[in-house]
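Encoded as structure tokens, the structure appears first; notes follow it.
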Amino acid sequence: MSLNPQEKFEILGLSLPPAPQPLGIYKPYLVDGKYLYLSGHGPVQDDKSLIIGRIGEDMDIEAGKLAARQVGLTMLSTIVTNFGSLSKVKRVIKVLGMVNCTSDFLRHPYVINGCSELFAEVWGQENGIGVRSAVGFGSLPDNIPVEVEALFELY
């Protein structure tokens with residue numbers, strides 16, 4: 001018996017932080033036909049605070065990867081809050097991961113794997129892994145270490 005994405009998430013025993021509210025003039029998500037676009041999300045923690053820091057300066061690569069996983073959880077929270085279940089999503093199509101890092105940091109894909117691995121755990125290898133870009137930035141809003149935006153296909 002195969003589990004649906006919501007059941008897979010529940011078995012992982014992870015908690016979802018509160019879904020963030022927009023702090024600017026944008027929508028946190030948009031549905032166009034069968035596609036769900038999520039705006040850039042940061043690493044919101046269960047107490048609504050953000051993980052802060054710059055990779056290569058304030059935090060190491062492993063802390064950055066954990067921050068990217070927390071961004072993934074924040075994105076899942078937006079989906080559950082607005083659609084009721086992770087099972088409304090058929091698959092991940094595209095992920096854009098942005099890493100706040102020093103100019104000599106070169107392992108952006110490794111950091112963004114924190115988010116991508118979470119999606120693969122929830123939707124499986126076939127549907128949880130889409131196309132992806134992982135890029136470095138000199139800064140991100142509020143000095144968060146990672147921001148991710150994504151495109152999903154809905155049922």
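Using the Stokes-Einstein relation with a Kirkwood hydrodynamic radius computed over Cα pairs, the translational diffusion coefficient of the stretch 47-110 at 20 °C and a viscosity of 1.002 mPa s comes to 159 µm²/s.
One quarter of the convex hull surface built on the alpha carbon atoms of the chain amounts to 8.8 nm², the projected area averaged over directions. Extending 7 Å from Cα along the Cβ direction at residue 154 and again at residue 27 yields two label points whose distance is 0.9 nm. Overall size of the stretch 78-155 from C-alpha positions, given as principal axis extents largest first: 41, 25, 16 Å.
Per-residue surface analysis assigns residue 132 an accessible area of about 80 Å², computed on protein heavy atoms at 1.4 Å probe radius. Note that the chain presents 51 Å² accessible area per residue, ligands and nucleic acids not counted, probe 1.4 Å.
Report the FRET efficiency, 1/(1 + (r/R0)^6), for residue 133 and residue 106, where r is their Cβ-Cβ distance and R0 is 22 Å, rounded to 0.05. Efficiency computed from Cβ-Cβ geometry: 0.90. Expressed as an acute angle from 0 to 90° and rounded to the nearest 10, what is the orientation of the C-alpha long axis of helix 108-128 relative to the principal long axis of the chain? Tilt relative to the chain: about 10 degrees.
The values are calculated or read from the model by the stated rules, or taken from the named source; none is laboratory data. Just so you know, these numbers come straight off a predicted model, no measurement behind them. So basically every Cβ, Gly included, is an ideal-geometry build from the backbone, and we count neighbours across all protein chains shown. Areas reflect the complete protein model, heavy atoms only, side chains present, ligands, DNA and RNA absent. Shrake-Rupley method; radii C 1.70, N 1.55, O 1.52, S 1.80 Å.
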